[in-house]
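Structure first, then comments.
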């Protein structure tokens, strides 16, 4: 029974107790015992309670893992690779974030998790902010990731998850994205700070873009992750607290 179950589970490389229960008519308590024995024999490894990966033949438990984005997709549903991780995926930054950033609408008790030595940061968003996603292959698994334009907009929305505004500036400087889609997303995200940061950065980088005016008297920081000191920019209602001159 154990080998038969393992053969079925191995086809997906990772599984949950619920998934395993659908593959067999075995009593749930008995199933848990079987899975526990498979784990002790080194044929599977637990990622989180009730979530496992299958160790292939010839691989050693404790030394084998899957792509970090594939592991991430097992942690929460929906799972969308985003922010700094997506910036790196698209080559928008030369920095390699040590944390995998994940967007979701689901509740997760632990928002910071370390799995097999990799840190995961789970950011819960309102359903309205989940858009501009696509699926890409990582190893043999399709995982959702924000598209190029949504990645930039998300990082302007929450610079603290992108390595700061400098990393977003690097992305904009590549011009490897659709400007019209960028403007559309900047309005859809429902955060005037995104429009102001995008408008200011594009102006500095001399990127032609039609940004709607924001009617507000309130100022915000261009980069909320660093010093709260900076010159005011009346046009975009920003405290310019970082120098992007080297990237212009």
Counting just the residues of region 231-248 that are under 22 Å from residue 173 (Cβ atoms) and assigned to a loop (DSSP other than H, G, I, E, B), which one comes out modelled with the lowest pLDDT?
248
Picked from region 88-107 (must be buried (at least 20 other Cβ atoms within 10 Å of the Cβ) and touching a helix residue (DSSP H, G or I) at 6+ places or on another chain (Cβ under 6 Å)), the residue nearest to residue 128 (Cα to Cα) is 102
Exactly one of 84, 43 is within 13 Å of the chain's Cα centre (by Cα) and either under 22 Å from residue 160 (Cβ atoms) or in the same structural domain as residue 16 (by TED's automatic domain parsing) (or both), and that one is 84
If you scan region 12-27, which residues turn out to be exposed (fewer than 12 other Cβ atoms within 10 Å of the Cβ), free of Cβ contacts under 8 Å to residues at least 12 places away in the same chain and part of a helix (DSSP H, G or I)?
22
Say we look at region 189-230 and pick out the residues that are modelled with pLDDT of 90 or more and in contact with a strand residue (DSSP E or B) (Cβ under 6 Å, 6 or more places away or on another chain); which of these is farthest from residue 159 (Cα to Cα)?
219
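The values are calculated or read from the model by the stated rules, or taken from the named source; none is laboratory data. Everything quoted here is computed from the prediction, not taken from an experiment. As a convention, Cβ positions derive from the backbone with ideal geometry for all residues, glycine included, and neighbour counts pool all protein chains shown.
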